[in-house]
1. Quick one: helix 301-313 against the long Cα principal axis of the chain, what's the angle to the nearest 10°, folded into 0 to 90?
2. Mind giving me the nanometre distance, one decimal, between the label points for Leu228 and Glu164, set 7 Å out from Cα along Cα→Cβ?
3. What 222 nm value per residue comes from the helices of the chain, counting each DSSP H run with n ≥ 4 as -39,500 (n - 2.57) and dividing by all residues, nearest 500 deg cm²/dmol?
4. Hey, what's the Cα Rg ratio for segment 239-286 versus the globular rule of thumb, 2.2 N^0.38 Å?
5. Could you tell me the calculated FRET efficiency between Ala136 and Asp344, based on Cβ-Cβ distance and R0 = 25 angstrom, to the nearest 0.05?
6. Stokes-Einstein D for segment 159-332 at 25 °C, 0.890 mPa s, Kirkwood Rh over Cα pairs, in µm²/s?
7. Please list, ordered by chain and number, the residues whose modelled amide H lies under 5 Å from the amide H of Arg103; skip anything fewer than 5 residues away on the same chain.
8. Which FRET efficiency value, to the nearest 0.05, do you get for Arg174 and Asn83 by plugging their Cβ-Cβ distance into 1/(1 + (r/R0)^6) with R0 = 56 Å?
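Just so you know, all these numbers are worked out from the coordinates, no wet-lab data involved. Predicted model, so just to flag it, every value in this text is computed and none were measured. Virtual Cβ from ideal backbone geometry, glycine too; neighbours counted across all protein chains shown.
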Amino acid sequence: MRILQLNFEKGWRGGERQTLMCMRQFRAAGHHVALVARRGEPLARAARSDGFEVYEAGRVASLCLQLLRVARSFDLLHAQTANTLTWLAVLKPLLRRPIAFTRRTAFPVSEQKQKKTLWKWRRADLFVAISEAAAAEPRRLGLAVEVIPSAIEARVLNMDRAREFSGRHGLAGRKVIATVSALTREKDPCTLVRAVHELDRVRNDFVFLHLGGGGDAEQPARDLVAELGLNDRYIFAGFQHGVEDLYRLMDVFVMASKYEALGSSVLDAFVYSVPVASTDAGGLPEILAGGRGLVCKVGDHHALAQSIDLILNDSELRNRLVQNAHAYVLEHHDPRRMAHRYLDAFKASVTRFGARG
């Protein structure tokens, strides 16, 4: 098959990493894969350096023109983001190609947006969600959804980089608690800050690393850190290229999300043997079930702090969580397994679309 991937996001987050992983796996299975992406962004650069054909656009208008020019030379168009599905839905009568869409969020659809969202979703010939939580809203609205969880790849870690980072931030001899998430409202960094403040009352042997780029909750989080006197305890380390190198520094990985379709950074923690404490947002309970992590209610910073403290104090619990999580992620989030599930669904969609004429 000839498969065109679409991801027009800025920056480099879980969805962009998953897009590139899909492309690599589809190519390894013998298919031709190309990408439509935002000009100059990390995904476009990474895909081109990997030898993929990349169609770049700076604005929506130029992206739509690119689609009108090249899309009909492909067998299937795969929207990896909601905005690219919108443009494919509008152009579908002209493109005349089957559309696949992967939903990577678990946000509820407001009543005001329901009609527009449903119109767009119905234009997809194949609707994929990365978790049961991400599938809930489209199913509620009557759509058929196939759940294909995101995958994760273990990479060879650069321990020299980890040691340099540790020295730069004074981590030696301290317990390292960390998260990898943007400073956005759905990730709820203020609950993380309050949990760290709670933990600071009972122990003084740790530092908290917030690894991730800015967002609409960055300033409130920074203000709260200053207000609670945590400037030496809570480190805003910013976005890190190759953040996987830093997982070996962590004693506990934490997520405080309000909304989370799956949580690919939690899967990283599983792969690199870091125990996890998390809220129960969206798809997080799905991957943390079965003794793979400690889970508390969204917004409950007291319970989150207690979970972190318990993991740090109980080596048997920590080892059990790590072992359960590592075995799970290798079995259920393998990249080749993910790719073959997509490819089987793609082939069926292309066949159905062709039968309809």
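1. For helix 301-313, the angle is close to 70 degrees.
2. Between Leu228 and Glu164, the label points sit 3.2 nm apart.
3. Taking each H run of at least 4 residues, the total per residue is -14000 deg cm²/dmol.
4. On the way: Rg = 10.7 Å, N = 48, 2.2 N^0.38 = 9.6 Å.
Working it through for segment 239-286, the quotient is 1.12.
5. Values: r = 23 Å, r/R0 = 0.93.
With R0 = 25 Å, the Cβ-Cβ based efficiency is 0.60.
6. Details: Rh = 15.8 Å.
It comes out at roughly 155 µm²/s.
7. Val128, Ala129, Ile130
8. Values: r = 41 Å, r/R0 = 0.74.
So, using R0 = 56 Å, E works out to roughly 0.85.
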